[in-house]
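The values are calculated or read from the model by the stated rules, or taken from the named source; none is laboratory data. Please read all numbers here as calculations on a predicted model, not as lab measurements. All Cβ positions, glycine included, derive from the backbone under ideal geometry; neighbour counts span all protein chains shown.
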Amino acid sequence: MEQTTGFPDYTPNLSKTTELEVVRARWDPPLFKVLWDSAPWDDMFQQRLKFLILHSTDDLSARAKSDLVDIVEFMWTLRRTFWLIGHWFFIDHHRDDYSADLHTERKKECDCGVEIRPKSDVGRAALQAHSVGCRIR
């Protein structure tokens, strides 16, 4: 397959019909459902770094500790969205109802179709920096 200029080697050129057909042929709904049902975003969240570099929790102010809790809560709330954005795969949404529904749900989630209410200014700033177009309260 020819790669799109300027993109990593694993990025196919979907403007070419032959490459689009190859990518569509890779879509395997039953295999993907097994992956999806295993909730890999939970594993990703559990394996995140859990220590502060150059800081000690004991030396942080109450506000800083509260903000860290808010940031981790933000990461937990959007863990599936972060996983989806970080894993590119082509869904042939014309193949079957499962694929069509998954495509619609994934697009809505990645376009930030959820309402989030951060508890602190830091959480709000983090959300605004990463979620253009979301409803933030």
Residues of the range 52-65 that turn out to be assigned to a helix (DSSP H, G or I) and either among the basic types (Lys, Arg) or at pLDDT below 90 (or both), as a count: 6
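State the number of residues belonging to the range 11-24 that are more than 24 Å from the chain's Cα centre (by Cα) and assigned to a helix (DSSP H, G or I). If you could, list the steps in order and put the result at the bottom.
Residues of the range 11-24 more than 24 Å from the chain's Cα centre (by Cα): 15-19, 21-22.
From the residues that got through so far, the ones that are assigned to a helix (DSSP H, G or I) too are 17-19, 21-22.
So the answer is 5.
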Residue pairs meeting the criteria (Cβ under 6 Å; at least 6 apart or on separate chains; first closer than 15 Å to HIS103 by Cβ, in the range 21-39; second among the small types (Gly, Ala, Ser)): PRO29/SER99
Residue satisfying condition, being among the acidic types (Asp, Glu), assigned to a helix (DSSP H, G or I), within 23 Å of ASP43 (Cα to Cα) and modelled with pLDDT under 80, within set GLU109, GLU73: GLU109
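Being farther than 26 Å from ARG79 by Cβ and hydrophobic (A, V, I, L, M, F, W, C) is the filter here; which residues of the range 20-40 pass it?
Let us first name the residues in the range 20-40 that are farther than 26 Å from ARG79 by Cβ, namely 20-25.
Selection gives LEU20, VAL22, VAL23, ALA25.
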Residues satisfying the stated conditions in the range 25-83, i.e. surrounded by 11 or more Cβ atoms within 10 Å (Cβ to Cβ), more than 20 Å from the chain's Cα centre (by Cα) and among the polar types (S, T, N, Q): SER66
